Amino acid sequence: MPASNLLTQLLPELILLVGACGLLFLGATRLAASRSFLPFAGVLVLVAALVVTIRRGEPDGSFAAMGLWISSLTHYVRWVALSVGILILLVNWYLPVQEERGEFVALILLSLLGVLLTASANDWLVLFFAIELVSIPTYILIALSRLDQRAAEASVKYFFLGALSAAILAFGLSFLYGASGTTQIQHIAGGVISLTLPSTGELGSIAMIGFLFVLAGLAFKVAAVPFHVYAPDVYEGAAAPITGMLGFVPKLAGFVALIKLFAAIGWNLPIEIKWLVWILAAVTMTAGNVIALLQDNVKRMLAYSSIAHTGYMLVALLIGPVAGEGPMHDGVAALLFYIAVYGAMNLGAFAMIASFGRKHGELETLDDMNGIASQAPAVALALAICVFSLMGFPPTAGFIGKLYILTAAFSFSADHAFAQPLLVLAIVAVVNTVISAGYYLRIVAAAYVGKSSTPANPTGGFTLRWGLAVCSLAMLVLFVWPRGLAGQASRATAAIHDSVSAAHTVVRVDTDFGNAQVDRTSP
Amino acid sequence: MDHLLSWIIFVPTLGAILCLFVPKRQVRVVAVTASLAALILSLLLFPTFLGGGEGAAGYSGSHYGELHHVERHEWITGSNLAIEYFLGIDGLGFPLLILTTLVAFLACLASWNMESWKVGKGIRAYFVLFLLLETGMLGVFVSLDFFLFYIFWEVMLLPMYFLIGVWGGERREYAAIKFFLFTLGGSVLMLVALVAMYFYSDGALASEMQRTGADAVASGYRDGVALTHGTFDLIELATNKVIQGHFNAASTVFLGLKFSTCMFMFLFIGFAIKLPVVPFHTWLPDAHVQAPTPVSMILAGVLLKMGGYGFLRLCYPIFPTGGETWAFLLAVIGIVSILYGALCAMAQTDFKKLVAYSSVSHMGYVLLGIAVMTEAGFQGAMFQMIAHGISSPMCFFLVGVVYDRAHHREINRFGGLWMTMPRYGTLATIGFFASLGLPGLCGFIGEVWVILGTFAAKDNPAMPWAPTMAVLAASAVVLTAGYILWLIRRVYLGREREEYQSFPDVSARETMILVPMAVLSIALGIFPMQTVFNFTNGTLDNMLRHVVQVIGLVP
């Protein structure tokens, strides 16, 4: 590949990299004027990268070199991460103190760069570096986000557990290399999956060990139970605006990596792995929701809610891809749709917390939120929309997201080997929606029903409110018109289908009552 | 295709949007005008149903599957999925639609002078939510696409949650969350059923197409329309022979259970929570006691009817065999609701709670009537819903009138109100006697029809002990009479109390709200055919024939 081709293919990433470095330099200058300009410059960088991504259109998947593969999945993750990234910057506009703003914005950009690279990685090493590029800036971001001992504690805690997960991930990847003799994730053209044994088409024992360790390492990143323990402390310690980012950016990178991991074995999961992911999903969502019920601290509550959402997304991951069907049937497309929606609604909820303060600093407990609705009806309305969307309640995009996961789980024909467990898992998810309503409603009730003698102090300025407004408006728009995002999400899975169907023969399902038209690869 | 139904549904929404922009003093005027406009528009539907003579049995009114004012557009479409914006009305939805617009209009009037308005708090938000609630309720009764139905069903919860939670009484947060969680719990089961029904109908059509070699299956009720994929169309699901055959076959299983039995139960629980029937009723007294008077009127008058409507629109036509399997259990639950609700009502000392429990008892008749699957049972259940939709909001408003003056609801602290407030006393007597089921008033017809229907089921092997049940249901009338008469004695009769001497009689506005309901209670009691049965029976009888036929066909 000529170098110029590489540069043009990676233009969005390069813009982010150059932008981040520029911001670091700008931040080091002592000009006060340049510092207040910094978040704006950050937004400009993201907009430029987004414009380049969208103008370039969907890549044809032909570019694959240097451990990278620019596919339709890359395209989707790029524009979702960059769009939500703009919102994240809007919400984080006033953070932190002036002197550190340059570094702060630059680190957010670098973390997003990591997500973009994760989406194009086609080599285990590149994937590993990309994921660490997502995580390392976040450790610093947490510590910078506010002048509070808890932020420093959260940062250190997150760093040590993050380092541990990186070690587990690297350990697992070394086994995958040992099993296959290559670090390449997918052979693009031939569809040869080197992790599987040629004789049976199943995972060998070495590859299996590697697979499990990688799964565990990534489960840290997406905060799945039992690797979730850091999440509540970290979310509580960091400032609310940056927490909105923590809930989304590492999770997006983690799920993209999980998609790549599953696609690397052609989604031909051994039955043990299927059950493992099944249990992981069921326990994650149930534990997340049940423990969230017991919280009085809003940020801890939302931390557990984000754990629960990981569980819903694991359901979609387990369902796996189905070619050409869209998110109604295609689990991966449903996952990609859901995570985009989740990014906005989660950010909106944290943005609302960030938009008011009490004497002791940020809003902490539910009681601190009392009376927000009578003080600021518009902010409370936006919060209500985001929270009902997290609950998965119409008329919001969160409902459509849950519906897609549910339909995808139901679309298996009855005689498929894993159809019944998936049905049960879908019902577990649906029951969890009811459990989650128990605490989401308390948030809304605190804002609308609770009475407070002292008004809260508005904080965060107008950019934060604009970010919140866009998040909540997006939830309503995506409910009425989900087709745009859904179409993008289902096209994004094209790259996965190609490798999956090439690696694996398509099972044609015939049952006594039909569904014969659905071609479904074994997930 | 006309847009009358869309106008009826969305006129309140337009009103809500207008409410956001007009000055605060005008909000009430806009809201009342919007709900009045919806009422007038809904009355325009009458000519369709007065058309006369189209029913097989000589009833005027519609058939099941014979829809009027149909409006359908594609909404969300996928590669093999079509969710439609599909509205239509038949004899099932029509009376409930009229009831909704009427009760909503009266409740809007009842909201005119709430306590909160004196401090100028939240008047705009209240009426916006109120009108959105009306849109949601109207949407449920006319949407015939299951997905659309579900959206309206859920969306309606939000305004209700806020109306109870923000403008309610002391324990409003608890009541609102409880109401929301109970209903959500039911509706997620409905969501599972929704998705399953779509995929199973898809499977049924696919295998039929494979069998015949054709590339489509003819629609069950629309001429010249063919189906290629699964559907959310509620009428299609009920009338298409292929889908019905697959849904009700014993070999169709869902998680190892018989499909129709399982889906029927999922849907049933969703609707039973709304109705409510006894194990699921505990949200109702809380919600009613905490809700402001107009919201209670809506809750009792319309929201409870959605449960009964759901049984008749979804459970029975689509899963007749499920209905047969569960018939005995449902009838028993119905009887228990009737008796338990009445006994609980008798034990209450809170005026509003008493009326709330009487609703549980009255809705038990609806469940019993539907469960026995006889003509009189279905007709009686439908009539009971309409009758309760008139008498129960009236009772709640009567409670509200006295609460506005006395600021408490302790039955035992009242006495002699009839002497103090003669007009109020007279209207209250009509309202409570209608609830009691006095012959000549609306409550009587529904109960008698249900009891007759239960007797008529005695030859049905699925319904052993039907006569015993009928006797039990009939004996509950004594309990009802007991608590209502005792209530009237304690509140309206007896010695006048000094603290209530100064109470003004009902105002012109309050009279304006009570009189239409009083007139309708009498009219329904004396002319049941002309007011309700003529509009509903064609559809109900036709549906019952369909149910019986499917049960007969499928072993």
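If I model region B:289-555 as equal point scatterers sitting on the Cα atoms and use the Debye formula, what is log10 I(q)/I(0) at q = 0.08, 0.12 Å⁻¹?
-0.33, -0.69
Using 1/(1 + (r/R0)^6) with R0 = 30 angstrom and r between the beta carbons of B:A214 and A:I271, what's the FRET efficiency to the nearest 0.05? Spell out each step's value before the answer.
Values: r = 39 Å, r/R0 = 1.29.
FRET efficiency, B:A214 to A:I271: 0.20.
Among the listed pairs A:K299/A:K451; A:K299/A:K402; A:K157/A:K274; B:K178/B:K353, which have their C-alpha atoms separated by more than 25 angstrom in this model? Display every interim value, and only then the final one.
On the way: A:K299/A:K451 20 Å; A:K299/A:K402 23 Å; A:K157/A:K274 31 Å; B:K178/B:K353 16 Å.
Violating the 25 Å Cα-Cα cut-off are A:K157/A:K274.
Based only on other Cβ atoms within 10 Å, what is the fewest-to-most ordering of A:K157, A:K451, B:K305, B:K352?
A:K451, A:K157, B:K352, B:K305
Going by how many other beta carbons lie within 10 Å of each one, how would you line up A:L212, B:L92, B:L106, fewest first?
On the way: A:L212 17, B:L92 21, B:L106 25.
Taking fewest neighbouring Cβ atoms as first place, the list is A:L212, B:L92, B:L106.
Could you please report the charge total around B:I9, scoring K, R as +1 and D, E as -1 over all other residues with beta-carbon less than 11 angstrom from its beta-carbon?
On the way: positive: none; negative: B:E71, B:E134.
After counting each charged neighbour, the total is -2.
At a 10 Å Cβ-Cβ cut-off, how would you order A:L169, A:L116, fewest neighbours first? Mind showing how you got there, number by number?
Values: A:L169 25, A:L116 28.
Lowest to highest Cβ neighbour count: A:L169, A:L116.
For B:D286, what is the net charge nearby, where nearby means another residue's Cβ is under 10 Å from its Cβ and Lys, Arg count +1, Asp, Glu -1?
Values: positive: B:R171, B:R172, B:K178, B:K353; negative: none.
Counting the neighbours of B:D286, the net charge comes to +4.
How many angstrom lie between the C-alpha centres of region B:76-114 and region B:483-555?
20
Quote the relative contact order of chain B in percent (integer), defining contacts as alpha-carbon pairs under 8 Å separated by 6+ residues.
Numbers: 1020 pairs, mean separation 87.5, N = 555.
Contact order relative to length: 16 percent.
Find out how many positive minus negative residues lie around A:L161, taking Lys and Arg as positive, Asp and Glu as negative, among other residues whose Cβ is under 12 Å from that of A:L161. Walk me through the intermediate numbers first.
Working: positive: A:K157, A:K221; negative: A:D233.
Around A:L161, the surrounding residues sum to +1.
Once you have the Cα-Cα distance between A:D60 and A:V18, take 0.36 nm times their residue separation minus that, and quote the gain in nm to one decimal.
Working: separation 42, 0.36 × 42 = 15.12 nm, distance 2.58 nm.
The span from A:D60 to A:V18 would gain 12.5 nm if fully extended.
May I ask you to derive the relative contact order of region B:289-555, considering only C-alpha pairs under 8 Å and at least 6 residues apart, and to give it as an integer percent? Show your work: numbers first, answer last.
Values: 415 pairs, mean separation 69.1, N = 267.
Contact order relative to length: 26 percent.
Please work out the FRET efficiency for the pair A:D367 and B:F46, using the Cβ-Cβ distance as r and a Förster radius of 51 Å; give the result to the nearest 0.05.
Working: r = 53 Å, r/R0 = 1.04.
The pair A:D367/B:F46 has a calculated efficiency of 0.45.
Rule-of-thumb check for the protein assembly as shown: C-alpha Rg over 2.2 N^0.38 Å?
Working: Rg = 30.8 Å, N = 1078, 2.2 N^0.38 = 31.2 Å.
Here the Cα radius of gyration is 0.99 times the empirical estimate.
If contacts are Cα pairs under 8 angstrom and at least 6 residues apart, what is the relative contact order of chain A in percent? Can you show the working numbers first?
On the way: 948 pairs, mean separation 82.3, N = 523.
With pairs under 8 Å counted, the relative contact order is 16 percent.
Would you list the membrane-span-like helices of chain A, meaning whole DSSP H runs whose alpha-carbon atoms span at least 27 Å along their axis and whose mean Kyte-Doolittle value is at least -1.0? Spell out each step's value before the answer.
Values: long enough: A:32-56 (37 Å, 1.50); A:72-91 (29 Å, 1.70); A:101-120 (29 Å, 1.74); A:124-145 (32 Å, 2.05); A:149-180 (46 Å, 0.97); A:271-293 (33 Å, 1.59); A:298-319 (32 Å, 1.13); A:331-354 (33 Å, 1.81); A:419-448 (42 Å, 1.59); A:461-480 (30 Å, 1.88).
Membrane-span-like by this rule: A:32-56, A:72-91, A:101-120, A:124-145, A:149-180, A:271-293, A:298-319, A:331-354, A:419-448, A:461-480.
Tell me what chain B gives for mean residue ellipticity at 222 nm when only DSSP H runs of n ≥ 4 count, each as -39,500 (n - 2.57), the sum divided by the residue total, rounded to 500 deg cm²/dmol.
-22500 deg cm²/dmol
Take the Cβ-Cβ distance between B:L14 and B:H408 as r, set R0 to 51 Å, and report the resulting FRET efficiency rounded to the nearest 0.05.
Numbers: r = 39 Å, r/R0 = 0.77.
Efficiency computed from Cβ-Cβ geometry: 0.85.
Which residues in region A:132-161 have a backbone N closer than 14 Å to a point placed 7 Å from the Cα of A:A167 along the Cα-to-Cβ line?
Within reach of a label on A:A167, which here means backbone N under 14 Å from a point 7 Å along Cα→Cβ, region A:132-161 contributes A:159-161.
Could you give me the radius of gyration and the Dmax of chain B, taking only the C-alpha atoms into account and expressing both in angstrom?
Every Cα atom of chain B included, Rg and Dmax give 23.0, 84 Å.
How would you classify region A:41-151 from its alpha-carbon gyration tensor, with a ≥ b ≥ c the square roots of the eigenvalues: rounded for a/c under 1.5, else prolate if a/b is greater than b/c, otherwise oblate? Walk me through the intermediate numbers first.
Values: a/c = 3.23, a/b = 1.66, b/c = 1.95.
Since a/c reaches 1.5 but b/c is at least a/b, the shape of region A:41-151 is classed as oblate.
Read-outs throughout are calculated quantities, based only on the coordinates presented, and are distinct from any laboratory measurement. Everything quoted here is computed from the prediction, not taken from an experiment. Backbone-built Cβ (ideal geometry, glycine too); neighbour counts: all protein chains shown.
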